[in-house]
1. Quick one: which residue in Q249, Q240, Q254, Q235 is surrounded by fewer than 17 Cβ atoms within 10 Å (Cβ to Cβ), at pLDDT 95 or above and closer than 27 Å to I413 by Cα?
2. Which members of segment 279-296 meet the condition of being under 31 Å from the mean Cα position of the chain (by Cα), exposed (fewer than 15 other Cβ atoms within 10 Å of the Cβ) and not hydrophobic (A, V, I, L, M, F, W, C)?
3. Which one of the conditions (1) crowded, with 20+ Cβ neighbours inside 10 Å; (2) in contact (Cβ under 8 Å) with a residue 40 or more places away in the chain; (3) farther than 30 Å from V175 by Cα; (4) under 20 Å from the mean Cα position of the chain (by Cα) does A367 fail to meet, given that it meets all the rest?
4. Six or more apart or on different chains, Cβ under 7 Å: which pairs go from a residue in segment 75-96 that's closer than 16 Å to A141 by Cα to one that's of a type in the set (S, T, Y)? Could you list them?
5. Go through segment 128-154 and give me each residue that's without any contact (Cβ under 8 Å) to a residue 60 or more places away in the chain, outside any loop (DSSP other than H, G, I, E, B) and either farther than 15 Å from Y28 by Cβ or touching a strand residue (DSSP E or B) at 6+ places or on another chain (Cβ under 6 Å) (or both).
6. What are the residue pairs meeting all of these: first residue in segment 105-117, first residue surrounded by 14 or more Cβ atoms within 10 Å (Cβ to Cβ), second residue in a loop (DSSP other than H, G, I, E, B), Cβ atoms under 7 Å, and 6 or more apart or on different chains?
7. Every residue in segment 404-416 that is closer than 23 Å to K346 by Cβ and either at pLDDT below 95 or assigned to a helix (DSSP H, G or I) (or both), please.
8. For segment 62-98, give me each residue that is part of a helix (DSSP H, G or I), at pLDDT below 90 and under 22 Å from the mean Cα position of the chain (by Cα).
Amino acid sequence: MAIAQAPLNLDPRYATDAASERVNRLLYERLVEFDASSKAVPALASWQQLSPLHYQFTLKHQSAFHDGQLLTAHDVKATYASFLTLPDAPHRAEFEHIARIAVVSNQVLHFYLKQPDPHFIEKLIIGILPATGIAQGHDFAHAPIGSGPLKFVRWQSALTLARVADGQQITLTEVKDPTVRVLKLLRAEVDVLQGDLPPELVGYLKSKPDITVKSHVGSNFSYLGLNMQDPVLKQLKVRQALAHAIDRQAIVRQVMVDQTRLAEAILPPEHYAGNRQLAPYAYRPLYAKQLLREAGIQLPLKLVYKTSTDAQRVRFATILQAQMAPAGIDLEIRSLDWGTFFEEIKQGQFQVYGLTWVGIKTPEIYAKAFASNATPPHGFNRGRYSDVTLDQLLVKESWPAVTQRIHQQLPYIPLWYEGQFAAYRAPVRDYAAQSDGNWDGLATIQLLK
């Protein structure tokens, strides 16, 4: 399988990039999973809430790590307890309200909280690590030991995994250029592509009789991130001008794959915390220019937009640059290799950037991304947004009001939910794209004999 970006970290406690998250879903088992309506359901364990501060978990079946050790409640405890000793772990804040974890037996353990948390169960999606490896300081980031359907084989120029059930090897090779990825598929140098191609290349693949292309409606949220500490971007009228300076419909129609749809919030409208009442920001470049003048901005407004070197992302950037020009915005594009780009975003070194939230299932993302106390390393509020009104709404968990407030204040500029597709050739069969772009199909992918 050829992929646009290689994973950066295969320790599930540290992984935040999409490729790492997708691989880790296959390498590790989790306590809970989500159903089609994004509700938490048992995966590795079932649970009982014994009180607002007390949960009992029972492992549903006997699992073993890929090195042969049995997975027990002690490993679950060690995984979650380790967050309290990892000050730089990006998910640490989610578990700071755990008072203690008590193991009753190899199959049963109890979590005790310092305060009630109605979303506690939904947070327990971290892959379980072996307690012995945690104690020994094992490098899970580069040599993972999980208990999932795929196991680690080696990571040199490419990442090679093996399916536990039958030994089928799967190699994930980073090929940054989308055209080269397509050529490799056509030449049978790779068997599968998923996502990260412009629509012209997807259409080209559809025309090839020996290539199968399957598409699916998407749920991953693409957006423009804004630095709310910037003296210009902290002005609401400037942010509104940015929203009105982008012709999202034209971009979706001309340069996005099938089943891409406009987005107004991180969670799609069909999610139980979705909001179908959010009015879209229409493309009105002259009105955007008027808003900038009302904000006292001397035109043209010069902004620096950071993105990765991926060809499709650079293409988006050049389209945004052209669309914003009539609104009086001079967008300077800086494309960086993925590792450098993502690190600068995490460090808050940006004015404007483009990214996609991948695989988000719970409405707590709004607190993680926008609460005043969720700035890194305590959350993902990379734009350093602070809004007392929103903080109060987040505490109440009034999701329609939360999403309406975010949509009104624009700490980010919503773009779209990108359609998903997979393209493959014989001997592969029955590989399906997923709405969030995950690679779970690799656990069951079949090859014709």
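1. Q249
2. Of everything in segment 279-296, just one residue is under 31 Å from the mean Cα position of the chain (by Cα), exposed (fewer than 15 other Cβ atoms within 10 Å of the Cβ) and not hydrophobic (A, V, I, L, M, F, W, C), namely P280.
3. Of the numbered conditions (1) crowded, with 20+ Cβ neighbours inside 10 Å; (2) in contact (Cβ under 8 Å) with a residue 40 or more places away in the chain; (3) farther than 30 Å from V175 by Cα; (4) under 20 Å from the mean Cα position of the chain (by Cα), the odd one out for A367 is (2).
4. A89/Y14; P90/Y14; P90/T16
5. A135, V153, R154
6. N106/T72; H110/V104; Y112/L53; L113/L53; L113/H97; L113/F120; D117/H97
7. Answer for segment 404-416, where residues must be closer than 23 Å to K346 by Cβ and either at pLDDT below 95 or assigned to a helix (DSSP H, G or I) (or both): I406, Q409.
8. Across segment 62-98, the qualifying residues are R92, A93, E94.
The values are calculated or read from the model by the stated rules, or taken from the named source; none is laboratory data. Only a predicted model underlies this, so the values are computations on that prediction, with no experimental measurement involved. Cβ: placed from backbone, ideal geometry, glycine included. Neighbour counts: every protein chain shown.
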